[in-house]
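Engineer: Take a look at this one; I'll ask things after.
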Amino acid sequence: MSSQAIHLGPEWNAALSEELASPYMESLQVFLAAEYAAGKTIYPDREDQFRAFNATPLSSVRVVILGQDPYHGAGQAHGLSFSVPDGIRPPPSLQNIFKELESDLAIPRPKNGNLERWAKQGVLLLNSVLTVEAGKAASHRKQGWELFTDAVISVLSARENPIVFLLWGAFAQSKSSMIRTPPHAILKSVHPSPLSAYQGFLGCKHFSQTNELLRKWKLPEIDWRLS
């Protein structure tokens with residue numbers, strides 16, 4: 001995929017045009033082309049790698065949930081952080097997100113792990129790295145994706161319309177210095193992974209706090225139900 005072939009939707013394309021044409025992005029596309037040419041399986045599928053941007057136009061972003069890498073198991077990653085396609089069992093981190101949702105807002109835990117309904121309401125489900133080799137966590141880090149997604153965070157931070165950033169885990173929190181507060185707000189917690197969820201993610205009440213902030217800003221709340 002050449003940088004010219006990347007379609008993020010008109011708003012994102014305009015805001016990120018310099019990044020899309022940058023040398024690091026061209027190098028990233030050369031790296032990915034070589035991975036495909038070597039017969040490696042890459043997740044998510046090519047058509048889903050920029051799904052987060054197409055699902056949530058720049059002007060509609062009210063909330064950002066920042067992940068790290070796509071899932072590297074078969075059929076799991078589809079371009080939205082923490083989300084899996086219909087029919088795929090929610091991975092442990094997502095199950096813990098659903099536990100917190102139930103505890104916080106009394107929303108029954110959904111069996112479906114597809115978070116696209118959130119994305120369509122203005123929740124940008126952004127991973128820092130947008131591709132991964134099958135079965136090899138973190139295999140596409142430091143190839144250029146982080147520079148691109150840091151630019152995305154900078155574009156969002158420059159907006160005057162306020163956004164709630166949910167930063168779960170040390171990696172996501174390392175981006176906090178890039179975010180202007182105010183006008184934006186940051187909610188921090190440990191990662192929802194089973195390794196850390198019981199150390200503060202469960203009980204963080206980030207979903208209700210997000211809606212409280214949106215109400216304060218006179219913005220529509222997020223309907224966190226998935227069914």
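Engineer: At R0 = 22 Å, how high is the FRET efficiency between R215 and N161 if r is their beta carbon distance? Nearest 0.05 is fine. Could the numbers behind the result be given before it?
Structural biologist: Working: r = 15 Å, r/R0 = 0.69.
Calculated value: 0.90.
Engineer: Something else now. Run the accessible area of the range 35-168 with a 1.4 Å probe and give the carbon-and-sulfur part as a rounded percent.
Structural biologist: Details: 2530 of 5110 Å².
Summing carbon and sulfur atoms, their accessible area is 50 percent of the total for the range 35-168.
Engineer: Let me ask something else. Contact order normalised by length for the range 1-74, with contacts defined as Cα pairs under 8 Å and 6 or more residues apart; what percent is it? Provide the component values of the computation, followed by the final result.
Structural biologist: Numbers: 35 pairs, mean separation 29.5, N = 74.
Worked out over the range 1-74, it gives 40 percent.
Engineer: Towards the positive end of the charge dipole of the range 1-143, with charges on Cβ (+1 Lys, Arg; -1 Asp, Glu), say which of L58, L125, G73 has the farthest Cα.
Structural biologist: My answer, from the dipole projection, is G73.
Engineer: Cβ under 15 Å from E160's Cβ, E160 left aside: what net charge do those residues give with Lys, Arg +1 and Asp, Glu -1?
Structural biologist: Values: positive: R62, R159, R180, K218; negative: none.
That sum, taken over residues with Cβ under 15 Å, equals +4.
Engineer: With no solvent and one equal point scatterer placed on each C-alpha of the range 1-106, evaluate the Debye formula and give log10 I(q)/I(0) for q = 0.17 Å⁻¹, two decimals.
Structural biologist: With one equal scatterer per Cα and no solvent, log10 I(q)/I(0) is -0.96.
Engineer: Another question about this same structure. Angle between the Cα long axis of helix 92-105 and the longest principal axis of the chain, 0 to 90 degrees, nearest 10?
Structural biologist: Relative to the chain, helix 92-105 is tipped by roughly 30 degrees.
Engineer: Can you compute the charge dipole magnitude of the chain about its Cα centre, using +1 on each Lys and Arg Cβ and -1 on each Asp and Glu Cβ, nothing else charged? Give it in debye, rounded to the nearest 20. Write down the numbers at each step before the final one.
Structural biologist: Numbers: 22 positive and 21 negative charges, 131 e Å.
For this selection, approximately 620 debye.
Engineer: Roughly how many Å² is the accessible area per residue of the range 154-227, as a whole number, for a 1.4 Å probe?
Structural biologist: On the way: 3700 Å² over 74 residues.
Averaged over the residues of the range 154-227, the accessible area is 50 Å².
Engineer: What are the GluC sites (Glu not before Pro) within the range 114-202 that DSSP puts in a loop, where the Cβ has at most 14 other Cβ atoms within 10 Å?
Structural biologist: Values: sites: E116, E133, E146, E160; in loops: E160.
Listed in order of number, the matching sites are E160.
Engineer: Go through the range 190-227 and name the trypsin sites (Lys or Arg not before Pro) that are in a DSSP coil and have 16 or fewer other Cβ atoms within 10 Å of their Cβ. Numbers along the way, then the final one.
Structural biologist: Details: sites: K205, R215, K216, K218, R225; in loops: K205, K218, R225.
In loop regions of the range 190-227 (DSSP not H, G, I, E or B), the sparsely surrounded trypsin sites (Lys or Arg not before Pro) are K205, K218, R225.
Engineer: Now a separate question. With a probe of 1.4 Å, find how much accessible area the range 1-74 has per residue, and write the answer as a whole number in Å².
Structural biologist: On the way: 3440 Å² over 74 residues.
Roughly 46 Å² per residue, with all protein chains present.
Engineer: Follow-up. Using only the Cα atoms of the range 181-227, construct the convex hull and provide its projected area averaged over every direction, in square nanometres to one decimal. Don't skip to the answer; put the middle values down first.
Structural biologist: Values: hull surface 17.0 nm².
Mean projected area for the range 181-227: 4.3 nm², to one decimal.
Engineer: Sticking with this structure for a sec: Return, ordered by residue number, the residues of the range 186-202 whose backbone nitrogen is under 13 Å from a label point located 7 Å along Cα→Cβ of S176.
Structural biologist: Those under the cut-off are 186-191.
Engineer: Of the DSSP beta bridges with both residues in the chain, give the percent that are antiparallel, rounding to the nearest 5.
Structural biologist: Working: 3 of 16 bridges.
About 20 percent, rounded to the nearest 5.
Engineer: Excluding A197 itself, calculate the net charge of residues whose Cβ lies under 12 Å from the Cβ of A197, where each Lys or Arg counts +1 and each Asp or Glu counts -1. It would help to have the intermediate numbers written out before the result.
Structural biologist: Numbers: positive: K99; negative: E100.
Local charge sum for A197: 0.
The values are calculated or read from the model by the stated rules, or taken from the named source; none is laboratory data. Computed from a predicted structure; not experimentally measured. Here the Cβ is made from the backbone with ideal geometry for all residues, glycine too, and neighbour counts use every protein chain on show. Heads up: the accessible areas ignore ligands, DNA and RNA and are worked out on the full protein's heavy atoms, side chains in. Shrake-Rupley method; radii C 1.70, N 1.55, O 1.52, S 1.80 Å.
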